[in-house]
Amino acid sequence: MDYTINVTLQTERNVKDTSKIPFGVQPTEHMFMAEYKNGKWHNTRIVPFADLTLSPFTLCLHYGQTVFEGMKAFAMNDGRTNIFRPYKHYQRFSLSLERMCMPQVPEDLFIEALHQLVQLDANWIPDGEDGALYIRPFMIASEGRIGVKVSDEYLFMIVCSPAHQYYAKALKVKVEDRFVRAADGGTGAAKCGGNYGAAFYPTELAKAAGYDQVLWTDSRHHEFIEESGTMNVMFYIDNTLITPPLSGTILDGVTRDSLLKIAKERGINIEERSISYREIQSALDDGKRVEAFGAGTAAVIAPIEVIAIGNKDYNCYIGKDAIMYQLQKDLLNIRNGNTPDSHNWNYII
Ligand code: COI
């Protein structure tokens, strides 16, 4: 289908240096919008970034029918801009929308909107290895009606923000043994707002106890590791990279997938399988070198230096020669064009 996207340009960029601005605070100048009504997407447009006006009756405000994605665009060494794996993000977006009874966005509309918006605002990509344009496509149920129902109307938008490092230092995480993020049959694999809102309370408790994040465990036994607050998790133990499988209760992370492929190409042993916190505990008790890290679009690779299991803090390896940094470097090299993009991950504008 051929979508025409009307563009209204903002004439001036108001902020120059974004290096001191925290993640997700500074919008770029433009945003994409489209409305869904009577079974069709209408009014596809790029406009200057601005607040929304919504009725207090708007369904998403009450029942949580919201879905989002998190993607990044990078400045390549040769000056071109690339959006990293937009088709993989689109697939996940579609699955999330299906799970939340929301209408699909046609792939060509999604890609064209991204392309045009990123092209317009690419000058916001900060310099430096960590610099990226964080891209946030999202959809909300926009029908104004208080009754509990699937909305008949939706708003699909894409906004962007210049991004530097998400976590400034290695993380301290706590194995969660009381609360759950997701259970079998729930929405754990969907990137829907409710998953994040429901995670705040346990995360705040962990923070009050001196940790940065929780390490979620399975809902039945509170034993098998799932993911961490904003990212998937990986462990490197005995020369093997281990990460929980896509069981339906965790997100199918794009960074997770990319790192697994990169690690495989490096000849690293990979195991996508359930991993009990007891296995990590016993490796650490045995004095083994254990690397633990989060993997996500915003976080990229977030080294974990402490894992709290029960009342005990265990130290993981975060030395400079850790495998996680090598994987991160490989990923970066593909994104900035230093090494060939053999997987066709870079969508070059
Ligand atoms: C991302 O990594 O893109 C996320 O969506 C996680 C977080 C910023 C909520």
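The values are calculated or read from the model by the stated rules, or taken from the named source; none is laboratory data. Keep in mind it's a predicted model, so treat the numbers as computed, not measured. Positions of Cβ are generated from backbone atoms using ideal geometry, with glycine treated the same way; all protein chains shown enter the neighbour counts. Please note that ligands, DNA and RNA were not included when accessible areas were found on the heavy atoms of the full protein model with its side chains. Shrake-Rupley method; radii C 1.70, N 1.55, O 1.52, S 1.80 Å.
The table for this structure:
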quantity	calculated
Qualifying residues in region 134-152 (those that are more than 16 Å from the ligand (Cβ to nearest atom) and open to solvent by 50 Å² or more (accessible area, probe 1.4 Å)) - the one nearest to the chain's Cα centre (by Cα)	Val150
Residue within region 296-306 that is free of Cβ contacts under 8 Å to residues at least 40 places away in the same chain, open to solvent by less than 60 Å² (accessible area, probe 1.4 Å) and of a type outside the set (Val, Ile, Thr) present	no
Residues of region 117-156 satisfying the condition of being closer than 30 Å to Lys16 by Cα and touching a His at 6+ places or on another chain (Cβ under 9 Å)	Leu117, Leu120, Asp121, Pro126, Gly128, Asp130, Gly131, Ala132, Ile135, Pro137
Among residues of region 231-240, those that are of a type outside the set (Asp, Glu) and either open to solvent by 50 Å² or more (accessible area, probe 1.4 Å) or not assigned by TED's automatic domain parsing to the domain that holds Thr297 (or both), counted	1
Residues being among the basic types (Lys, Arg) and surrounded by 21 or more Cβ atoms within 10 Å (Cβ to Cβ) - total across region 241-262	1
For Arg85: the one exception among (1) touching a His at 6+ places or on another chain (Cβ under 9 Å); (2) without any contact (Cβ under 8 Å) to a residue 40 or more places away in the chain	(2)
Every residue from region 263-289 that is within 24 Å of the chain's Cα centre (by Cα), buried (at least 20 other Cβ atoms within 10 Å of the Cβ) and assigned to a helix (DSSP H, G or I)	Ala263, Tyr277
Hits in region 153-174 (condition: within 18 Å of Thr44 (Cα to Cα) and either within 16 Å of the ligand (Cβ to nearest atom) or of a type outside the set (A, V, I, L, M, F, W, C) (or both))	Glu153, Tyr154, Met157, Ile158, Val159, Cys160
Among residues of region 192-219, those that are in a strand (DSSP E or B) and either within 16 Å of the ligand (Cβ to nearest atom) or outside the structural domain of Lys312 (by TED's automatic domain parsing) (or both), counted	5
Matching residues in region 112-124 - criterion: being surrounded by 22 or more Cβ atoms within 10 Å (Cβ to Cβ) and more than 15 Å from the ligand (Cβ to nearest atom)	Ala113, Leu117, Val118, Asp121, Trp124
Of all residues in region 50-89 being in contact with a Cys (Cβ under 9 Å, 6 or more places away or on another chain) and over 20 Å from Thr187 (Cβ atoms), the one that is surrounded by the fewest Cβ atoms within 10 Å (Cβ to Cβ)	Leu54
Residues within region 223-253 that are in a loop (DSSP other than H, G, I, E, B), within 16 Å of the ligand (Cβ to nearest atom) and in contact with a helix residue (DSSP H, G or I) (Cβ under 8 Å, 6 or more places away or on another chain), tallied	3
Residue count for region 175-191, restricted to those that are within 14 Å of the ligand (Cβ to nearest atom) and hydroxyl-bearing (Ser, Thr, Tyr)	0
Condition broken by Asn333, with the remaining ones in (1) of a type outside the set (A, V, I, L, M, F, W, C); (2) over 25 Å from Phe224 (Cβ atoms); (3) touching a residue at least 12 places away in the same chain (Cβ under 8 Å) satisfied	(3)
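Yes or no, residue by residue, for (1) modelled with pLDDT of 95 or more; (2) over 21 Å from Pro162 (Cβ atoms); (3) not assigned by TED's automatic domain parsing to the domain that holds Tyr154:
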| site | (1), (2), (3) |
| --- | --- |
| Thr11 | no, no, no |
| Lys16 | no, no, no |
| Met31 | yes, no, no |
| Thr44 | yes, yes, no |
| Thr53 | yes, yes, no |
| Cys60 | yes, yes, no |
